[in-house]
1. Check SER80: other-chain or 5+ apart residues with amide H under 5 Å from its amide H, H built from backbone geometry?
2. Evaluate the distance, in nm, between pseudo-label points positioned 7 Å from the Cα of ALA136 and of VAL103 along their respective Cα→Cβ axes.
3. Starting from 0.36 nm per residue, how many nanometres of slack lie between LEU90 and THR33 once their C-alpha separation is accounted for?
4. By per-residue mean of other Cβ atoms within 10 Å, what is the highest-first order of 140-152, 49-61?
5. With labels modelled as points extended 7 Å from the Cα through the Cβ direction, what inter-label distance (nm, one decimal) is found for ARG163 paired with ASP40?
Amino acid sequence: MTAAPAARDDRRALGTVVLGLLAGAAALWGSGTAPWFTVDVPTATRGTVVASATGAQLQPAVTAVAALLVAAVAALVALSGIARRLLGVLIGLGAVAAVVLTVRLLAVPPTPAELASARAGLNTGGAPEGIGAVQATPWPWLAVAGGAVAIVVAALLVLRERRLPRLGARYAAPGAKPPETDPDRAAWERLDAGGDPTVGPRESDN
C-alpha cells in the first residue's frame with residue numbers, strides 16, 4: 001500500500017523558516033555595517049587616530065548574503081516543491097560562504113595597510129602603516145551567528161518542504177480557470193454522498 005503524501009499544514013515550521021531568514025539577514029547586515037577591525041594610524045595633522053573598516057568593506061559577501069535571505073522570504077510565497085528545495089540549497093551555500101569567509105578573516109586578520117586600503121575603498125600598497133597591531137571587534141562573530149542561523153533554516157527548508165504550506169496556492173488570479181477535478185475522485189465523492197457514481201454531476205442534480 002502506498003503511503004499518503006504528508007499534508008502541507010506545518011505552519012509552525014514555515015514560520016520558523018521565515019523568522020530564521022529575517023533574523024539571519026538582520027545579523028549579517030548589522031554585522032556588515034559595523035567595524036570589524038581597528039588600527040592606530042599616524043596622521044600629519046591630528047597625530048595618531050583610530051582607523052576602522054566595516055565588514056562590508058572587508059568582506060562584501062556578508063551583506064550580499066543578507067540581501068539574499070530577505071529575497072528568499074518573498075520567494076517562499078511563490079515557490080513550492082523542488083524549486084523551494086533549490087532555494088534552500090542556495091541559501092545554505094550562501095550562508096556557508098559568509099561563515100567561512102568571516103572565520104578565515106578572523107584567523108588571518110588584515111594588515112594595517114590592507115585595513116586602511118579597504119576603508120578608503122582602495123587596493124594599493126601605499127596606504128599608511130599602523131603603529132600598533134590590528135585589533136578585531138566582536139562584530140564579525142555576529143556574522144558567524146547569522147550565517148549559522150541561515151544554515152539551520154536552509155536545512156529545515158530542504159528537509160521539511162513537503163509539509164510546508166504553499167502560500168501562493170490559496171490566491172488565484174481574477175478570472176482564472178478553476179482546477180479540474182479528478183473523475184475517479186469525483187465518483188467516489190458522489191458515492192459517499194449517496195449518489196450514483198455512474199451518472200455525471202449535472203445529471204445527478206436533475
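1. It is none; the list stays empty.
2. With each label placed 7 Å out from Cα toward Cβ, I get 1.1 nm.
3. Numbers: separation 57, 0.36 × 57 = 20.52 nm, distance 2.33 nm.
Gain on stretching LEU90 to THR33: 18.2 nm.
4. Details: 140-152: 22.4, 49-61: 19.5.
By packing density, highest mean first, the sequence is 140-152, 49-61.
5. Each label point is offset 7 Å from its Cα along the Cβ direction, giving 5.7 nm.
Values in this text are rule-based calculations from the coordinates and carry no lab data. For clarity, every value in this text was computed on a predicted model and none was experimentally measured. Virtual Cβ from ideal backbone geometry, glycine too; neighbours counted across all protein chains shown.
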